[in-house]
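All remarks here apply to the structure that follows.
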Amino acid sequence: MTARNIDVGTPRTRFARGWHCLGLADSFRDGQPHAIEAFGTKLVLWAAQDGTINVLDGYCRHMGGDLSQGTVKGDSIACPFHDWRWDGDGRCRNVPYAKRVPMRARTRAWPTCEQNKQLFVWNDPEGNAPIPEQAIPEIPGIHGDEWSPWTWDQLRIDGSSTREVIDNVVDMAHFFYIHHAFPLEFRNVFSGHIASQYMESKQRPDWATNPEQAENAMLRSEAAYYGPSYMIDYLYPSFNGVQLECVLINCHYPIGHDSFMLQWGLTTKALPGMTEEQRDKMGRKLGKNFGDGFLEDVAMWQTKTRIDNPLLSEEDGPFYQLRRWYEQFFVDLADISEDMTDRFEFEVDTTKANEVWEQEVAENLASQDAPETADA
Amino acid sequence: MSNHWAKPQTAQATAEQTSAERAEYLQDGMREVRCERCAAVVLAAKRGPEHTAVQWNAASEQACFVLEYGQPRGCTWLRSSIEQAAAAGRFDEVPT
């Protein structure tokens, strides 16, 4: 039998079509221009007087000045180099020292939207308007005062691609090895532009501060990517019968073809009788816990190789079907094949995995091999 | 930045083999199953009591009236049809 080769494939040459979250909307409303490296260029973001956030390519079409180093003047962004004034629609409104604005003074503008207090841009290499069916859904109740303010974190990942993040949707076994969770039930549904993951898990007792209590720490998770980069994860952790409700956002935008910005945020619903302060403290704590989980993934991404031909066991999730789904965002609209968007359902058989993992956990506990500090 | 996350350098292009394997992973073990309730025909695979894969298409999604109600986990009638097909040994020839 010949040794198996890894097919590293070739890097992509285009960025995904769809809504990409850039951060919390209010963070861009300070009257200043903001720079974001994304989609192989630099974007400039600023708020117009009515609060609308505009997103343009960051380089002035006059002489290439960096607009993010400029100044917000009225509704326009003014280039620091020669004061050319650009509006959110991509048109140059005014060149103060010139009699008229040149005819071709138009730059690339990204369509934007706000949802769940976050800002999104629509990226489309074909330049079409946003697809209405792919609008980002509102999280029920998100504008009410039961929910804690979003925690928000970001981390730049170099030498890796966004497909690594997407692969996690179907990766049942990594939850045990990387995230110290114990998946009991794991299933996926892909349909249209949405890829979902349903998981029931418990905490690994050998990684818990109190192994006996870990048995009562359960987590139900209903997570879905809405388009290529924005996941809403409804989390229902329960501990000794107390059930919490959290929403975790896991999103990213590409910087180049081998780098991306990972962002995550969490909000949690106040338990009855909780003060705002208690609610927000709980939100921050849970945000930190789930955030630590992302860092465990990052350690893998930073050292692994790209692999186009994963070798799967029967207990692995549907990586090939997920990648086929993901491909729809990287081809022209006219080239999306039905199999990329047709509904696909998959349930992983966790029986064998659970047997082996119970054994491993028991051995770890018996030999008191468990780490002294737990990430509970 | 160099493309340093693509580490192994394979001597031969393995693209063709990758493509063949991808087709296998997508299609192997899939059998037609007809829903006892609405007659929608899907492709399904079962490699064990807990494992199920279901590939719908436009016609079967159209035929099923359960999916319309946003059932995130699919249609229970169809699942029951797949279980019956499994009990009848329809997936027995699936390679393990």
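Of the residues in segment A:268-277, at least one is more than 28 Å from residue A:349 (Cβ to Cβ), crowded, with 21+ Cβ neighbours inside 10 Å and at pLDDT 95 or above. Checked against the criterion of being within 30 Å of residue A:147 (Cα to Cα), under 18 Å from the mean Cα position of the chain (by Cα) and charged (D, E, K, R), the candidates A:292, A:258 yield just one match: A:292. Within segment A:147-182, restricting attention to residues that are of a type in the set (A, V, I, L, M) and assigned to a strand (DSSP E or B), the residue that is modelled with the lowest pLDDT is A:181.
Suppose the filter is on the phi < 0 side of the Ramachandran plot and within 14 Å of chain B (Cβ to nearest Cβ); does residue A:189 pass it? Against the criterion (on the phi < 0 side of the Ramachandran plot and within 14 Å of chain B (Cβ to nearest Cβ)), residue A:189 qualifies.
Does segment A:323-333 contain at least one residue that is more than 20 Å from the chain's Cα centre (by Cα), closer than 30 Å to residue B:66 by Cα, hydrophobic (A, V, I, L, M, F, W, C) and surrounded by fewer than 20 Cβ atoms within 10 Å (Cβ to Cβ)? Before you say what the answer is, go through the steps one by one.
Taking segment A:323-333 as the starting set, the residues that turn out to be more than 20 Å from the chain's Cα centre (by Cα) are A:331-333.
Subset that is closer than 30 Å to residue B:66 by Cα: A:333.
When the remaining residues are screened for being hydrophobic (A, V, I, L, M, F, W, C), the result is A:333.
Among the residues that remain, those that are also surrounded by fewer than 20 Cβ atoms within 10 Å (Cβ to Cβ) are: A:333.
The answer is yes, given that some residue of segment A:323-333 is more than 20 Å from the chain's Cα centre (by Cα), closer than 30 Å to residue B:66 by Cα, hydrophobic (A, V, I, L, M, F, W, C) and surrounded by fewer than 20 Cβ atoms within 10 Å (Cβ to Cβ).
When you look at residue A:111, is it exposed (fewer than 13 other Cβ atoms within 10 Å of the Cβ) and at pLDDT 95 or above, yes or no?
Values: exposed (fewer than 13 other Cβ atoms within 10 Å of the Cβ): no; at pLDDT 95 or above: yes.
In short, no.
Checking B:87, B:20, B:39 one by one, the residue that is over 18 Å from residue A:341 (Cβ atoms) and in contact with a helix residue (DSSP H, G or I) (Cβ under 8 Å, 6 or more places away or on another chain) is B:39 and no other.
Which one of these is within 14 Å of chain B (Cβ to nearest Cβ), among the hydroxyl-bearing types (Ser, Thr, Tyr), closer than 30 Å to residue A:11 by Cα and touching a residue at least 24 places away in the same chain (Cβ under 8 Å): A:259, A:229? Spell out the reasoning first.
Working: A:229 fails: within 14 Å of chain B (Cβ to nearest Cβ).
After ruling out the rest, the residue left standing is A:259.
The requirement of being of a type in the set (Lys, Arg), more than 11 Å from the chain's Cα centre (by Cα), surrounded by fewer than 17 Cβ atoms within 10 Å (Cβ to Cβ) and at pLDDT 90 or above is fulfilled nowhere in segment B:79-89; no residue meets it. If I ask for residues that are within 21 Å of the chain's Cα centre (by Cα) and of a type in the set (Lys, Arg), which ones from segment A:173-214 would you list? Scanning segment A:173-214 gives a single hit, A:187. Evaluated against (1) within 14 Å of chain B (Cβ to nearest Cβ); (2) out of contact with any Leu (no Cβ under 8 Å at 6 or more places or on another chain), residue A:180 falls short on exactly one condition, (1). Going residue by residue through segment A:58-77, is there one that turns out to be within 25 Å of residue A:256 (Cα to Cα), of a type in the set (D, E, K, R), out of contact with any Phe, Trp or Tyr (no Cβ under 6 Å at 6 or more places or on another chain) and crowded, with 17+ Cβ neighbours inside 10 Å? Yes, segment A:58-77 contains at least one residue that is within 25 Å of residue A:256 (Cα to Cα), of a type in the set (D, E, K, R), out of contact with any Phe, Trp or Tyr (no Cβ under 6 Å at 6 or more places or on another chain) and crowded, with 17+ Cβ neighbours inside 10 Å. Scanning segment B:26-58 for residues that are assigned to a helix (DSSP H, G or I) and either under 13 Å from residue B:82 (Cα atoms) or at pLDDT 95 or above (or both) yields a single hit, B:26. From the list A:89, A:145, A:158, A:153, the one residue that fits, being more than 24 Å from residue A:328 (Cβ to Cβ), touching a Ser or Thr at 6+ places or on another chain (Cβ under 8 Å) and not hydroxyl-bearing (Ser, Thr, Tyr), is A:158.
Quick grid of which residues meet (1) more than 10 Å from chain A (Cβ to nearest Cβ); (2) at positive phi; (3) surrounded by 20 or more Cβ atoms within 10 Å (Cβ to Cβ); (4) of a type outside the set (S, T, N, Q):
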position	(1), (2), (3), (4)
B:37	yes, no, no, yes
B:44	no, no, yes, yes
B:47	no, no, no, yes
B:54	no, no, yes, yes
B:58	no, no, no, yes
B:69	yes, no, no, yes
B:75	no, no, yes, yes
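None of A:98, A:16 is out of contact with any Lys or Arg (no Cβ under 7 Å at 6 or more places or on another chain) and crowded, with 18+ Cβ neighbours inside 10 Å except A:16. Of all residue pairs spaced 6 or more apart or on separate chains, none has beta-carbon atoms under 6 Å together with a first member in segment A:266-286 that is more than 21 Å from residue A:223 (Cβ to Cβ) and a second member that is exposed (fewer than 14 other Cβ atoms within 10 Å of the Cβ).
The values are calculated or read from the model by the stated rules, or taken from the named source; none is laboratory data. Here the structure is a predicted model, which is why all the values come from computation and not from measurement. We place every Cβ from the backbone using ideal geometry, glycine too, and count neighbours over all the protein chains shown.
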